[in-house]
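This report refers to the structure that appears directly beneath it.
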Amino acid sequence: MDVSISRSRLRGSAQAPPSKSYTHRAVLAAGYADDAVVTDPLLSADTKATIRAVEAFGGSVTVDDGDLRVAGFDGTPAVPDDVIDCENSGTTMRLVTAASGLVDGITVLTGDGSLRSRPQGPLLDALEQLGGRAESTRGNGQAPLVVSGPIDGDRVSIPGDVSSQYITALLMAGAVTKDGVDVDLETELKSAPYVDITLDVLDSFGVTATKTDDGFSVPGGQQYDPDGEYAVPGDFSSISYLLGAGAVAAEEELTIHGAQPSSQGDTAIVEIVDRMGATVEWDEDDGTITVARSDLTGITVDVGDTPDLLPTIAALGAIADGETRIVNAEHVRYKETDRVAAMAEELTKLGASVTEREDELVVHGDESDLVGADVDGRGDHRIVMALSLVGLVADGETTIDGAEHVDVSFPGFFDVLYDLGADVRQ
């Protein structure tokens, strides 16, 4: 689906969607439990993949007035009847791969073309260290994957600079092993706040896991029990697009609801747009952010812990005066697409001046002359939404190919923009 956006002025209020990261973890945690209710979940293409995985392991998930009622597999996932298709969801693939190590039998996992190109090797190696069988069918560390167990737990060594989801997966599965799992990090942990989210969810489900001098540890023999319900907070990755839209196009004031504080590293977007010069205020008690159009100035941002913010920051950098330098970004190349290269190439089509390096992206706002163009969303929800921000201010019309991929994390994103006053045509 193509979506066209023209220069617009926004006003009004919008509700942030629930957190994708929290929903993934809460759904699987509920699957590890005997019975649980997940309230205010994000029901998107990605999180539905995790729901189907829970069902494949013998659980049952029912949507009840927007909430999820989960009858879990109580720490013992059954052998799936069929291949588990994670579609485009990297989080599902990593979390479910570790859960597959608990199965007394064989589990096969696959995904779409993008997911089958993403690295899984370190997680497969970790499961082998724990006594399971875990391999790539093509021998390249990428899906399709074949995993069998059950693992009992032990100490594993794994790099921390490829994906924090490996650590999340091992901690969630390790809690129900016999001996628990100690994770030693071989390299500095990137995207550390995502593991903080995991620890937050585990604690809410009655599971103890801790940081150690060398990494993380989770004792075995634990039981997942959320004591009834678990409520999912708002998603700051998605809030970044609304906040960015307000900072570049809100004629008066745009108000974002559902912005309660949480362990999400992407809450940093509030500070980032403030540093760039936006008029922004966050009422943490009320969970609201107000923002108005401002003259932005480029800054330097380290995205080591906030990789999902790179597309948003790059788009704002193209609109801002001066130079925006996004550093510590190599791991952002291993997402749904190579987001560093994708933003460099697509922003260039829109008239931005961009310098791409292996570990950084520099956007030269002073040298950019933004003009609408046909751009490729790369089958990546975050690229699509970030390019939309530029479409709100560029001269002429910007047409984004593959706009339907916003359903991965922010279903109805373009409807929200339209309701805020954007000139959007679907």
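Within the option set K48, K20, being buried (at least 17 other Cβ atoms within 10 Å of the Cβ), of a type in the set (K, R) and without any contact (Cβ under 8 Å) to a residue 24 or more places away in the chain holds for one residue only, K48. Within segment 187-239, the set of residues being under 19 Å from V37 (Cα atoms), small (G, A, S) and not in a helix (DSSP H, G or I) comprises G206, G228, A231, G234.
Output the residues belonging to segment 1-22 that are in contact with a strand residue (DSSP E or B) (Cβ under 7 Å, 6 or more places away or on another chain) and among the hydroxyl-bearing types (S, T, Y). Passing the criteria: S4, S6, S8, S13, S19. Note on segment 288-375: enclosed strands (runs of 3 or more DSSP E) holding 2 or more residues that are β-branched (V, I, T), surrounded by fewer than 24 Cβ atoms within 10 Å (Cβ to Cβ) and at pLDDT 95 or above are 288-292, 353-357.
Scanning for something in a loop (DSSP other than H, G, I, E, B), more than 17 Å from the chain's Cα centre (by Cα) and touching a residue at least 24 places away in the same chain (Cβ under 8 Å), does segment 167-176 turn up at least one residue? Checking segment 167-176: at least one residue is in a loop (DSSP other than H, G, I, E, B), more than 17 Å from the chain's Cα centre (by Cα) and touching a residue at least 24 places away in the same chain (Cβ under 8 Å).
Of the residues S237, S191, which single one is crowded, with 21+ Cβ neighbours inside 10 Å, under 28 Å from R7 (Cβ atoms) and of a type in the set (S, T, N, Q)? S237 is the lone residue from the list that is crowded, with 21+ Cβ neighbours inside 10 Å, under 28 Å from R7 (Cβ atoms) and of a type in the set (S, T, N, Q).
The set of residues from segment 399-413 being more than 15 Å from S237 (Cβ to Cβ) and crowded, with 23+ Cβ neighbours inside 10 Å comprises I400, A403. Here is the figure for segment 68-100: residues that are within 22 Å of the chain's Cα centre (by Cα) and surrounded by fewer than 17 Cβ atoms within 10 Å (Cβ to Cβ) total 0. Residues that are among the aliphatic types (A, V, I, L, M) and closer than 30 Å to V96 by Cα within segment 2-30 comprise A16, A26, V27, L28, A29, A30, listed in sequence order. Scanning segment 148-172 for residues that are touching a helix residue (DSSP H, G or I) at 6+ places or on another chain (Cβ under 9 Å), over 18 Å from L28 (Cβ atoms) and not small (G, A, S) gives D154, R155, V156, I158, P159, D161, V162. I need every pair where a residue in segment 51-78 that is free of Cβ contacts under 8 Å to residues at least 24 places away in the same chain has its Cβ under 8 Å from the Cβ of a residue that is among the small types (G, A, S) and crowded, with 17+ Cβ neighbours inside 10 Å, sequence separation at least 6 or different chains. From residues that are free of Cβ contacts under 8 Å to residues at least 24 places away in the same chain, the pairs are S60/A71.
The values are calculated or read from the model by the stated rules, or taken from the named source; none is laboratory data. Bear in mind the structure is a predicted one, so any value in this text is a computation, not a measurement. No Cβ is skipped: glycine too gets one built from the backbone with ideal geometry, and neighbour counts run over all protein chains shown.
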